[in-house]
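Only one structure is covered here, and it is reproduced in the block below.
The values are calculated or read from the model by the stated rules, or taken from the named source; none is laboratory data. Treat the numbers as computed from the prediction; the structure is a model and nothing was measured. Note that each Cβ is placed from the backbone with ideal geometry, even for glycine, and that neighbours are counted across all protein chains shown.
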Amino acid sequence: MCGIVGYTGPQQAGKILLEGLHLLEYRGYDSAGIAVLKDDKLKVIKKEGKVARLEEQLKKEDSLGNCGIAHTRWATHGKPSDANAHPHTGCDSDFAVIHNGIIENYAELKARLQKNGHYFTSETDTEVIAHMVEEAYQGDLYVAVRSVAQQLVGAYAIAVVSIHEPDKIVAVRQETPLLIGLGNKEKILASDPSALVKYTKKYWRLENGEMAVITPESAEAFVIASGEKIDKKIQEIDWDIDEAQRSGFDHYMRKEIDEQPEVIENTLRGRFAKDGTISLPEFDDVAETLRQARKINIVACGTSYHAGLVGKYLLENLCSIPVEADIASEFRYRNPLMGDKDVVLVISQSGETADTLAAVRLAKQKGVPVIGIVNVVNSSIAAECDAVTYLHAGPEIGVASTKAYVSQLVLLMLMALYLAQLRNVEFDASEIVADIPKLSGYASELLQQEQKIIQVAELMKNKGNCFFIGRLLDYAVVLEGALKLKEISYIHAEAKAAGELKHGALALVEDGTPIVTAVTQDSIRDKMHSSIMEVKARGGSIILVTDKPEQAQDIADTLIPIPKVSSYLSPILSIIPLQLLSYHAAVLRGNNPDRPRNLAKSVTVE
Ligand code: F6R
């Protein structure tokens with residue numbers, strides 16, 4: 001859940017590491033720190049808070065040098081503080097360590113080290129690694145780090161530097177992501193490609209149980225357990241640094257909302273033909289399994305889970321296949337009954353979410369095939385699925401997922417059509433097929449309604465509490481709308497299936513309570529209107545997203561019209577005003593939507 005970066009080469013390491021930390025800050029912003037080697041000395045500078053605070057400190061101190069490591073932290077063991085910030089050193093400042101993950105056996109290791117006379121200055125699990133390397137070092141950093149890695153239990157991407165081998169970084173990976181950028185006479189390592197791309201597009205992705213030793217001139221990879229050298233495959237980053245930056249928007253989240261028309265097209269490209277034929281060759285190897293599947297279990301977390309709820313509805317209705325949708329952290333512990341001919345479908349933007357990854361492993365342990373919908377290419381989840389299809393949504397930096405969600409919905413629709421074709425399920429897909437090519441243009445039109453949505457956000461910005469209601473696919477959408485609002489604006493937002501409101505939550509509706517609702521499903525439109533009248537009668541102030549505004553004039557206090565498309569596709573459009581509403585409510589309340597408190601982009605711990 002942290003971001004790590006390391007550099008060795010002819011340039012000023014401090015500058016490159018700082019740039020890297022800014023790009024990786026979405027992975028955690030409880031503290032940031034840097035360790036740079038110069039003149040046989042290790043300079044460690046670290047600060048609680050955001051990277052900007054570290055940057056201020058660096059202006060006051062000399063951090064020159066050509067080799068170093070840096071870290072931006074999302075706290076697990078130990079509160080956010082200067083002392084708990086990485087890098088950590090041993091008793092003598094000969095070695096510095098950064099770490100993303102959790103060392104599960106750290107307490108036992110720490111007790112042993114303390115018995116041997118080591119003293120600790122932080123509450124972190126990471127500090128044990130620095131002391132262990134210090135104890136193990138006998139003239140070869142690679143040997144020392146390898147022997148330490150063999151004693152660690154848990155999840156980790158670690159990088160170590162030492163004054164004894166001043167242009168070298170040794171890195172190990174187990175469970176959490178680590179990439180090694182292979183520049184010309186310089187090497188850079190990082191948790192994700194955004195920190196590499198300015199310097200090199202060529203990289204290795206370390207796999208579980210692998211380690212690397214880099215110097216400006218060389219990069220070598222080894223299996224931790226055997227020490228065997230690995231002939232790693234070089235991969236290429238196929239996007240530019242500009243794509244990972246804000247392009248003039250105030251926040252990544254707003255930029256990513258704006259990218260959605262393009263993302264819809266990217267997700268469809270090469271997969272959807274105008275006659276409705278779907279091409280997903282990445283599933284060729286599992287096509288027979290999917291054709292015969294008896295049940296699909298969709299597993300994901302957060303926003304991706306909400307996409308999964310839409311997927312459940314689409315797959316059940318369009319492919320006549322039973323589908324269960326599970327939150328990954330529940331699925332992995334509830335002992336799910338899965339039988340012969342079940343298939344697990346995991347959905348993850350980052351491809352690194354620990355609970356979703358655990359669900360993949362559980363399913364595979366039970367012999368159940370796993371397919372994935374993932375955004376980040378070559379991520380851990382992608383690597384472990386039997387087959388994976390990628391969103392092609394581009395890097396999503398804002399912590400609150402927007403464009404990845406819309407892309408997930410598009411891809412789930414394509415999967416539903418693909419499965420229906422594979423399983424010879426006949427239904428009239430003509431409306432869906434005719435509407436799919438219009439989605440991108442309609443999404444652009446919706447973005448034009450921003451001024452109106454800012455007015456709604458103004459009305460909501462001082463509220464402490466609100467409800468989101470919907471039925472069927474609209475219920476799945478309002479679950480996501482409520483999550484967006486609460487995570488970045490900190491207004492408490494509760495999503496309810498509209499028919500369920502009167503079974504309890506209605507008691508909380510009072511004069512002026514905002515009720516955000518989506519009404520796009522023809523089959524229950526009248527029932528939805530009745531549910532809205534129930535809350536309106538109790539003083540609720542109705543903000544209504546609908547594709548038939550003419551039928552809702554008398555019901556809504558604020559009407560947000562969206563284009564009319566097949567009700568199966570409407571979530572792709574109806575979520576856009578809700579994303580904008582959350583964004584503007586957050587900004588009006590003075591929050592930074594890209595950095596919601598207590599949250600991080602990539603949840604690589606349980
Ligand atoms: C909320 C959000 C999270 C993620 C969740 C799963 O806006 O982004 O709820 O959806 O942490 O992440 P992925 O999709 O990366 O597995």
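Observations, loosely collected:
- Evaluation of Val399 against (1) surrounded by fewer than 24 Cβ atoms within 10 Å (Cβ to Cβ); (2) more than 11 Å from the ligand (Cβ to nearest atom) (one fails), failing number: (2)
- Where a residue in region 469-488 is without any contact (Cβ under 8 Å) to a residue 12 or more places away in the chain and in the same structural domain as Ala307 (by TED's automatic domain parsing) and its partner, wherever it lies, is near the ligand (Cβ under 10 Å from one of its atoms) and among the β-branched types (Val, Ile, Thr), with Cβ under 6 Å and at least six apart: none
- For the residues Val425, Val388, the requirement of being surrounded by fewer than 24 Cβ atoms within 10 Å (Cβ to Cβ) and assigned to a loop (DSSP other than H, G, I, E, B) singles out Val425.
- Test: residue in region 322-342 that is modelled with pLDDT under 95 and under 21 Å from the mean Cα position of the chain (by Cα): yes
- Residue list for region 127-165, restricted to those being outside any helix (DSSP H, G or I), free of Cβ contacts under 8 Å to residues at least 60 places away in the same chain and under 24 Å from Asp40 (Cβ atoms): Tyr137, Gln138, Gly139, Asp140, Glu165
- Region 283-309, subset within 16 Å of the ligand (Cβ to nearest atom), closer than 16 Å to Thr389 by Cβ and not β-branched (Val, Ile, Thr), residue surrounded by the fewest Cβ atoms within 10 Å (Cβ to Cβ): Ser304
- Condition check for Leu459: within 16 Å of the ligand (Cβ to nearest atom), surrounded by fewer than 24 Cβ atoms within 10 Å (Cβ to Cβ), at negative phi and assigned by TED's automatic domain parsing to the domain that holds Ser566: no
- Residues that are part of a loop (DSSP other than H, G, I, E, B) and small (Gly, Ala, Ser) were ranked within region 181-199; the one that is modelled with the lowest pLDDT is Ser191.
- Scanning region 351-408 for residues that are farther than 18 Å from Arg332 by Cβ, touching a Ser or Thr at 6+ places or on another chain (Cβ under 6 Å) and among the acidic types (Asp, Glu) yields a count of 0.
- Residue within region 509-520 that is more than 34 Å from the chain's Cα centre (by Cα), surrounded by fewer than 16 Cβ atoms within 10 Å (Cβ to Cβ), part of a helix (DSSP H, G or I) and at negative phi present: no
- If you check Ile572, Ile542, Ile555 for being farther than 15 Å from Ile454 by Cα, among the aliphatic types (A, V, I, L, M), away from the ligand (no atom under 16 Å from the Cβ) and assigned to a loop (DSSP other than H, G, I, E, B), only one passes: Ile555.
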